[in-house]
Structure formats: C-alpha cells, structure tokens
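Asker: First the structure, which I've put down as structure tokens, then a few questions once you've had a look.
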Amino acid sequence: MISLWIITAVALAVSLAADRRKTQAAVLKGLKMFVGVIPMLLGVLAAVSLVLAAVTPQMLERILSGAGLFPFLSALGVGSIALIPGFIAYPLAALLRQNGASVPVLAAFITSLMMVGVLTLPLEARYFGWRAALLRNGLAFCGAVIVAVGMAWVLR
C-alpha cells in the first residue's frame with residue numbers, strides 16, 4: 001500500500017512539473033467526484049454493515065454445510081449478496097470446509113462473493129449504466145456457476 005502512495009506522489013510531482021494548471025484542475029475535478037460519491041458509498045457501507053451484522057458465521061455454516069443442490073444454490077446466493085473482504089472470506093471458507101462444506105459449495109461461495117456485487121449494483125450502475133452493471137453481474141454470476149461446477153467435475 002505504501003508503494004502505491006509513493007507511485008502516486010511521484011506521478012503527481014511529475015504532472016505538476018509538466019503542467020501545473022492542468023494538474024490542479026485534474027485534482028480539483030477528482031475531489032469533486034469523490035465528494036459526489038461519498039453519499040452512495042456511505043449507503044453501501046451501511047448496507048454491508050447491516051448484512052455483516054445479520055449474517056453470522058454460524059448461520060453461514062448451517063446454510064453452506066454439506067453437499068448437494070441446496071447448499072450449492074445457497075452459496076451462490078449468499079456470495080452474490082454478501083460483501084465480505086477476502087481476508088475474512090478465505091478463513092471463513094476454511095472454517096466452513098472443516099465443518100462439512102463441500103469444495104464445489106465453497107467454490108460457488110468464494111467465486112460469487114468476489115465477482116458478483118448485488119449490494120454495490122446501484123453504485124456501479126450510477127457510473128456505468130444499468131445495462132452494463134447488470135450485464136457484468138450476470139456474466140460474473142454465470143462465471144461463478146461455471147467455476148463451481150468445474151470444481152465439482154474435477155474433484156469427483
């Protein structure tokens with residue numbers, strides 16, 4: 001993360017040296033865009049907080065444990081709706097695996113969790129349009145199904 005800050009600072013310094021006026025205008029435009037996104041971002045963060053508070057690891061364990069169609073479809077659904085960062089999702093997947101969740105169910109959960117974003121859909125649609133946002137999420141969901149089914153086929 002520190003390296004990204006350093007790269008950004010160097011790029012900003014180079015840009016300032018090249019054309020001070022354009023750089024200042026670009027920074028002001030970026031700040032205005034950021035201020036415009038804050039309300040939507042706070043709404044998404046509030047929704048994520050509510051979902052994380054409502055869905056406990058024990059609930060996920062009950063829903064996703066085992067193999068079969070119900071845990072598989074549940075994993076796709078929960079993964080598409082939940083917005084859990086990877087550093088929490090992977091240890092959670094390990095815990096679910098220890099408690100009986102099958103690998104295809106975990107593949108469906110993790111893949112849909114990382115690729116599909118139901119909670120962030122309004123924010124995505126605001127910038128890319130509803131058609132692009134729905135298309136991306138639909139294709140990501142299909143990709144999650146393909147990955148999970150592929151894992152089931154490979155590991156049978």
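The values are calculated or read from the model by the stated rules, or taken from the named source; none is laboratory data. Computed from a predicted model, the values in this text were never measured in an experiment. Positions of Cβ are backbone-derived with ideal geometry, glycine not excepted, and every protein chain shown enters the neighbour counts.
Asker: Restrict the check to the range 9-31 and report whether at least one residue is assigned to a helix (DSSP H, G or I), out of contact with any Asp or Glu (no Cβ under 7 Å at 6 or more places or on another chain) and at pLDDT below 85.
Answerer: no
Asker: Scan the range 116-135 for residues that are more than 23 Å from A46 (Cβ to Cβ) and crowded, with 17+ Cβ neighbours inside 10 Å and jot them down.
Answerer: Passing the criteria: none in range.
Asker: Look at L64 and say whether it is in contact with a strand residue (DSSP E or B) (Cβ under 6 Å, 6 or more places away or on another chain), touching a residue at least 24 places away in the same chain (Cβ under 8 Å) and of a type in the set (A, V, I, L, M, F, W, C).
Answerer: yes
Asker: Pull out all pairs, ordered by first then second residue, where Cβ-Cβ is under 6 Å, the residues are six or more apart or on different chains, the first lies in the range 102-119 and is free of Cβ contacts under 8 Å to residues at least 60 places away in the same chain, and the second is polar (S, T, N, Q).
Answerer: Correct list of pairs: S112/S80; V116/S80; V116/N137; V118/S80.
Asker: Of everything in the range 105-156, what is basic (K, R), closer than 30 Å to P39 by Cα and more than 15 Å from the chain's Cα centre (by Cα)? Give them in sequence order.
Answerer: R126, R131
Asker: Are any residues in the range 42-58 exposed (fewer than 13 other Cβ atoms within 10 Å of the Cβ) and closer than 15 Å to E124 by Cα, and if so, which ones?
Answerer: Residues satisfying the conditions are L42, L45.
Asker: Find all pairs meeting these conditions: Cβ atoms under 8 angstrom apart; at least six residues apart or on different chains; first residue within the range 83-98 and closer than 11 Å to L60 by Cα; second residue at pLDDT below 85 and part of a loop (DSSP other than H, G, I, E, B).
Answerer: L92/I84; L96/S65
Asker: Please find, within the range 62-108, the residue that is surrounded by the fewest Cβ atoms within 10 Å (Cβ to Cβ) out of those that are within 25 Å of L41 (Cα to Cα) and at pLDDT 85 or above.
Answerer: Y90
Asker: Taking the conditions exactly as written (within 30 Å of L92 (Cα to Cα), within 28 Å of the chain's Cα centre (by Cα) and in contact (Cβ under 8 Å) with a residue 60 or more places away in the chain), does L41 satisfy them or not?
Answerer: So L41 passes the test.
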